[in-house]
Amino acid sequence: MKLTRRVFIELAGSSALMASAPSLLAQGVTVKRLPLPCSPAQGRWIGSACQGCTQYCAIEVFNQNGRATRVRGNQHSQGNHGFCCPRGHLIPQENYDPDRIKQPLKRTNPQKGRGIDPKWIPITWDEALDIVADKMMELRNAGEPERLLYLKGRYGNTSHALLYGTVAKLFGSPNNFSTSALCAETEKMGPGYTQGLFSYRDYDLGNSKCVVFWGTDPFASNRQVPNVISRLGSLQKNGTLITVDPRLSTAAAKSKEWLPLLPGTDGALANAIAHVLLTEGLWNKEFVGDFVDSKNQFIAGKTVKPEAFKENNTLGLVTYWNEEAKDWTPEKAGKECRLDPEQIRRVARTLGKAAPNVIVWMGPGVCMNPRGTYSAMVVHALNGILGSVDNVGGTHDPVKALTGKYPSMDKYVDELAKTHGKGKKIDGRGDKDMPAAMKAKLGSGVVTNNIANYMLEHPDFIKVMISSWTNTPFAASDGKRWEKALSNVPFFVHMVPFPSEMTQFADIVLPSTFNAAEGMGAVTGFGSMHAWTSLQQPTCDRIWDVKQEENEVTWLLAEKLAKKGWPALLNYYANEFADPETGAKPTNEKEFQLITTKIASAPCWLHGSKPIPGDQINGWEDFRQKGMHNSAPQTYKKHWGGKFPTPSGKFEFVSGDLKKVLETHAAKYNSTPDQILELCNYQARGIKGWMPHYEAPLRHGDQQQFPFLFIDHKSRLNREGRSANLPWMQEFKKCDAGDRSWGDVLKINPTDAKALGLKDNDLVEISSPVGTIVTEVKLWEGVGPGTVAKAYGQGHWAYGQIAAKEYGKTPRGGNNNEILVDDYDRLSGTSCRNGGYTRVSIKKVSSNN
Ligand SMILES: Nc1nc2c(c(=O)[nH]1)N[C@H]1C(S)=C(S)[C@@H](COP(=O)(O)OP(=O)(O)OC[C@H]3O[C@@H](n4cnc5c(=O)[nH]c(N)nc54)[C@H](O)[C@@H]3O)O[C@H]1N2
Ligand SMILES: Nc1nc2c(c(=O)[nH]1)N[C@H]1C(S)=C(S)[C@@H](COP(=O)(O)OP(=O)(O)OC[C@H]3O[C@@H](n4cnc5c(=O)[nH]c(N)nc54)[C@H](O)[C@@H]3O)O[C@H]1N2
Ligand code: SF4
Ligand SMILES: [Mo]
């Protein structure tokens, strides 16, 4: 279907389209869309923040007669240079999506399940919050507040403090969780257990002579898309771009070298690159150090005596060589990774020559697999060998953005909350088989996808569930488990703007603002050697009866709960919060929203005559005008000279923290680190358990029955899981290399297609040990034989009338998460999606030509 603006406007307003969704129609609202007057546009740009990905770019939205019509990067932004990525431009279409939830809804059909009409009826906010507060009070009155589950997805700054942290803590439930373990958390284990940085990194792209995009595609996805796109020309001019990805990604297409390795073998490649760098004397001597007699003793297959090498900023390089790198010749890795050894050698030399102005940009493709902690460590360790850590043109700690603190809630935590709030969380973190040791602390990582397993095993435990900005039945691997788990929850409240798959299970739907255009709060991001605090503020009039769950709804809910006999939440909000300028206390949800936003951003604009790092902003009005604050730039060599936050103060090839974590965990269970590693499906034993090293990929499914390795990747226009209902997303789907507009294709190598008798457009069943989906095939040389690739993002059976073929029933395309197995990198608690950990079979269903 060709989509012009006129067709879209007509479609969006047509009653024929609305009629196909009984539940939406039941809201009794039709959308009338009229074309806006053409240019020259009259209006003004208003600063806000895009939340299409976790970059949280500072943007500006053009307000024309109260409508949000256009988007650009904030013209002050050091992070995106005044541009937003293509997904930023989708904001108006997302904001005015005719399928948005337009007022609170109440379920009237007690039956829950896929394809079952919830039979929602519209109710008022007052009625809806009354019901929610009653259900919550039932738990408090029965002395079982821990049966409240709160699950948050994306968020603003106010959500952390006012909803996610506060409600659960004051109420007395330990069961508040985030969805971050579905994201890319294993990445953090790489820099975390080598240099003490449990975080995503920043990169000094402006000064880099060589960038390796490794398991990430930052021209199309990842977190710095506008920054990377706008620098493409200078990056290509000033240095070499290299991409390591089993799929011809956008980054691969823009790079000088593409290493299309076999999925899951990244650690072997990293070892071989390290092997070449070391044997050819290409490590960075300033960062790492050198042999005492300056003679290179790194000779393939030969061990080195530790005392022969004097390290500067690193610890254990010789141990890494002896235990691991010495045997990993390019020839050996070439076999394991299905790469040309000459290419490995060439790439390693290119890196070595450009060092230390080099970036190994490690992404989820490397590590979102069952053994991902170690692949993250071994790939990131190259930055240590190359001396690029904290260096000019290298990898960096994110700068901290300026934010204000909310007042303490401690004195409002009552006895019931104290005793019940500290109970065991139901996600299994810290269990013997789930160390979840984020930030070098056992049981500190969330194990999001395991919540569904607990709920299935204990179907009566959770009695009230509240969730915001989530869609786990769609976004989590083997998401059907969530559909079943949610069907068992007696009372579920979803706080979202769109009727997603998860919403279909809700008893009460509280329609949220679409924050990028209608929200209010302060969010932070980093990139391009800066950090920023960007203000979200209304950029347009709200059309629907929606409220922001983080601050408006929490206030109104607190009022209801107070009326029903539990005032702690309202007392905390009303007594402790005050406008940082005037000292005024909030008396309603609007004042609360404004005051909390001002507190969260105050250090950016309330500093009197005292200068602050980065932009100087003169008061609240100036901040509202500018819409953001840029930090001062990152400095170089911040942690050199013994200042890394690791036990030794150095960049560790033998991790003191990981050793301690494994030993402590083992001791707790009367076990040994080796036994824990075995139980958690890792191959490492002994010292390798706390060292960067290669582990052969763990793959689910019998090779005979499921001969193909499945490659999952993001879609260029997917705003995480939430743009599939936008005609622009569908129309421009072809921008994903190998993909097709309005469709969903499995990309298969032509030799494999031939063997299976497949032609372009044929319909195929893709089956794995956990499920089957049906899509079209596309013959494409961008994937190697034995592997198939499919973008994530299609396959919605709900979400709206464009996302689904038939809303509430039939998906458009297939959701990768129906075939991906539910498994974890257990050291971090993160879910898997990459590394070819799920094998699939391909079967022709019919010709479609
Ligand atoms: N367009 C778009 N951008 C986004 C998002 C979005 O939904 N859409 N979401 C945002 C979020 S929340 C995140 S976490 C980031 C993450 O975005 P990215 O960093 O791009 O990571 P993934 O989307 O997980 O992509 C995995 C990449 O690894 C490749 N890959 C798969 N298996 C392997 C393997 O075994 N080895 C290697 N080397 N590569 C492999 C895939 O082909 C793909 O290119 O993107 C953010 N930006
Ligand atoms: N197979 C596969 N699975 C993946 C990925 C992948 O690449 N492949 N990516 C993974 C990654 S990196 C991530 S981060 C997760 C993301 O997964 P989730 O955290 O579950 O997020 P989404 O699917 O993006 O969120 C959709 C929900 O957000 C709501 N929403 C949208 N805008 C707003 C708003 O402004 N306010 C509120 N309150 N709600 C809003 C929508 O109504 C919908 O309910 O998915 C993961 N799942
Ligand atoms: S989608 Fe992400 S990178 Fe793109 S404009 Fe929005 S926040 Fe920035
Ligand atoms: Mo993510």
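The values are calculated or read from the model by the stated rules, or taken from the named source; none is laboratory data. The shown structure was predicted, so the numbers you read here are calculated from the model rather than taken from an experiment. As a convention, Cβ positions derive from the backbone with ideal geometry for all residues, glycine included, and neighbour counts pool all protein chains shown. The protein model used for the area step is the full one, side chains on, heavy atoms only, and it has no ligands, DNA or RNA in it. Shrake-Rupley method; radii C 1.70, N 1.55, O 1.52, S 1.80 Å.
Looking only at residues of the range 205-253 that are away from ligand 2 (no atom under 16 Å from the Cβ), touching a strand residue (DSSP E or B) at 6+ places or on another chain (Cβ under 8 Å) and not hydrophobic (A, V, I, L, M, F, W, C), we find that the one that is modelled with the lowest pLDDT is Gly239. Can you say whether Tyr155 is in a loop (DSSP other than H, G, I, E, B) and either without any contact (Cβ under 8 Å) to a residue 40 or more places away in the chain or within 16 Å of ligand 4 (Cβ to nearest atom) (or both), as far as the supplied structure shows? In short, yes.
Restricted to strands (runs of 3 or more DSSP E) entirely inside the range 428-540, those with at least 1 residues that are over 30 Å from Val399 (Cβ atoms), β-branched (Val, Ile, Thr) and within 20 Å of the chain's Cα centre (by Cα) are 491-496.
Of all residues assigned to the range 822-842, at least one qualifies as being farther than 27 Å from Asp657 by Cα, within 14 Å of ligand 1 (Cβ to nearest atom) and among the basic types (Lys, Arg). Of the helices (runs of 4 or more DSSP H) lying entirely inside the range 295-397, those containing at least 1 residues that are without any contact (Cβ under 8 Å) to a residue 24 or more places away in the chain are 317-323, 330-337, 341-354. All but one of (1) within 15 Å of ligand 2 (Cβ to nearest atom); (2) buried (at least 24 other Cβ atoms within 10 Å of the Cβ) hold for Cys53; state the number of the condition that does not hold. The single condition Cys53 does not satisfy is (2).
Among the residues of the range 106-133, those identified as surrounded by 14 or more Cβ atoms within 10 Å (Cβ to Cβ), out of contact with any helix residue (DSSP H, G or I) (no Cβ under 8 Å at 6 or more places or on another chain) and part of a helix (DSSP H, G or I) are Ala128, Ile131. Contact map, the range 203-225: residues that are closer than 23 Å to Arg346 by Cα and of a type in the set (Lys, Arg) paired with residues that are modelled with pLDDT under 95 and not in a loop (DSSP other than H, G, I, E, B), Cβ distance under 9 Å, separation 6+ or inter-chain. Pairs shown: Lys209/Asn238. Set side by side, the residues Gly365, Gly372, Gly393, Gly387 differ, and just one is within 16 Å of ligand 1 (Cβ to nearest atom) and open to solvent by less than 10 Å² (accessible area, probe 1.4 Å), which is Gly372.
Can you pull out every residue in the range 191-237 that is within 16 Å of ligand 4 (Cβ to nearest atom), among the polar types (S, T, N, Q) and over 16 Å from Asn383 (Cβ atoms)? Correct list: Ser221, Asn222, Gln224.
Let's see how each residue does on (1) outside the structural domain of Arg833 (by TED's automatic domain parsing); (2) open to solvent by less than 10 Å² (accessible area, probe 1.4 Å); (3) closer than 20 Å to Glu720 by Cα; (4) of a type in the set (Gly, Ala, Ser):
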residue: Ala753; (1), (2), (3), (4): no, yes, no, yes
residue: Lys759; (1), (2), (3), (4): no, no, no, no
residue: Gly782; (1), (2), (3), (4): no, yes, no, yes
residue: Tyr792; (1), (2), (3), (4): no, no, yes, no
residue: Gly795; (1), (2), (3), (4): no, yes, yes, yes
residue: Tyr799; (1), (2), (3), (4): no, no, yes, no
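Look at (1) of a type in the set (Ser, Thr, Tyr); (2) open to solvent by 10 Å² or more (accessible area, probe 1.4 Å); (3) closer than 23 Å to Ala791 by Cα and you find that Thr186 fails only one, number (2). Of all residue pairs spaced 6 or more apart or on separate chains, none has beta-carbon atoms under 9 Å together with a first member in the range 815-826 that is outside the structural domain of Arg722 (by TED's automatic domain parsing) and a second member that is within 11 Å of ligand 2 (Cβ to nearest atom) and open to solvent by 10 Å² or more (accessible area, probe 1.4 Å). For Cys540, the criteria (1) out of contact with any Lys or Arg (no Cβ under 6 Å at 6 or more places or on another chain); (2) within 16 Å of ligand 2 (Cβ to nearest atom) hold in every case but one, which is (1).
Scanning the range 720-751 for residues that are buried (at least 22 other Cβ atoms within 10 Å of the Cβ) and either β-branched (Val, Ile, Thr) or in the same structural domain as Ala252 (by TED's automatic domain parsing) (or both) yields Val745, Ile748. Of the residues in the range 774-800, how many are part of a strand (DSSP E or B) and either among the charged types (D, E, K, R) or under 16 Å from Arg740 (Cβ atoms) (or both)? Residues meeting the conditions: 11. Being farther than 25 Å from Gln703 by Cβ and touching a His at 6+ places or on another chain (Cβ under 9 Å), is that true of even one residue in the range 751-762? No, the conditions are met nowhere in the range 751-762. Sub-6 Å Cβ pairs linking a first residue in the range 719-746 that is under 24 Å from Asn848 (Cα atoms) to a second residue that is outside any loop (DSSP other than H, G, I, E, B) and of a type in the set (Phe, Trp, Tyr), at least 6 apart or interchain, are Pro727/Phe8, ordered by first then second residue. If you go through the range 204-247 and pick out every residue that is open to solvent by 10 Å² or more (accessible area, probe 1.4 Å), of a type in the set (Ser, Thr, Tyr) and more than 18 Å from the chain's Cα centre (by Cα), you end up with 3.
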